[in-house]
Amino acid sequence: MNLMFNIYQETNLNPFSKDYALVNQIRRASISIPSNIAEGIERDGNRELINFLYIAKGSCGELRCQLHIALRLNYLRSDRFQELYNLAAEISRSLNKLIKYLQESELKGKKYK
């Protein structure tokens with residue numbers, strides 16, 4: 001959620017806020033990360049959770065690409081870019097670790113007992 005809030009703060013600033021297409025896309029990617037994690041958890045089964053974690057991880061990659069675009073368009077300072085990029089990369093690594101743990105776990109969730 002912190003990453004999403006940070007993205008919203010940055011995209012409210014000029015000149016970034018004037019690029020409506022990129023603002024919409026980067027916000028959607030940042031919203032997709034916690035939303036897919038939450039949806040996966042609500043499914044009560046590891047297989048579905050893993051699927052939604054992969055979608056969230058994909059959104060992290062999409063967001064990192066969009067951060068590069070924003071940097072090249074001078075919408076972000078390099079230090080702010082690096083902070084947001086590192087946070088997105090950290091989330092992606094954490095999701096990957098969780099996916100591997102769930103894949104190896106004997107527990108399969110309420111839905112698949």
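The values are calculated or read from the model by the stated rules, or taken from the named source; none is laboratory data. Quantities reported herein were computed from a predicted structural model and do not represent experimental measurements. Backbone-built Cβ (ideal geometry, glycine too); neighbour counts: all protein chains shown.
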F16 passes all but one of (1) closer than 30 Å to L102 by Cβ; (2) in contact with an Asp or Glu (Cβ under 7 Å, 6 or more places away or on another chain); (3) touching a residue at least 40 places away in the same chain (Cβ under 8 Å); which number fails?
(1)
Of all residues in region 78-113, which are charged (D, E, K, R) and modelled with pLDDT under 95?
E104, E106, K108, K110, K111, K113
Output for region 18-38, where each listed residue is closer than 18 Å to C65 by Cα and of a type in the set (S, T, Y)
Y20, S30, S32
Got a number for residues in region 38-80 being more than 18 Å from L3 (Cα to Cα), in a loop (DSSP other than H, G, I, E, B) and charged (D, E, K, R)?
2
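Answer with yes or no whether F5 is in contact (Cβ under 8 Å) with a residue 60 or more places away in the chain, out of contact with any His (no Cβ under 8 Å at 6 or more places or on another chain) and farther than 15 Å from S94 by Cα.
Values: in contact (Cβ under 8 Å) with a residue 60 or more places away in the chain: no; out of contact with any His (no Cβ under 8 Å at 6 or more places or on another chain): yes; farther than 15 Å from S94 by Cα: yes.
Criteria not met by F5.
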Go through region 3-29 and count every residue that is buried (at least 16 other Cβ atoms within 10 Å of the Cβ) and part of a loop (DSSP other than H, G, I, E, B).
1
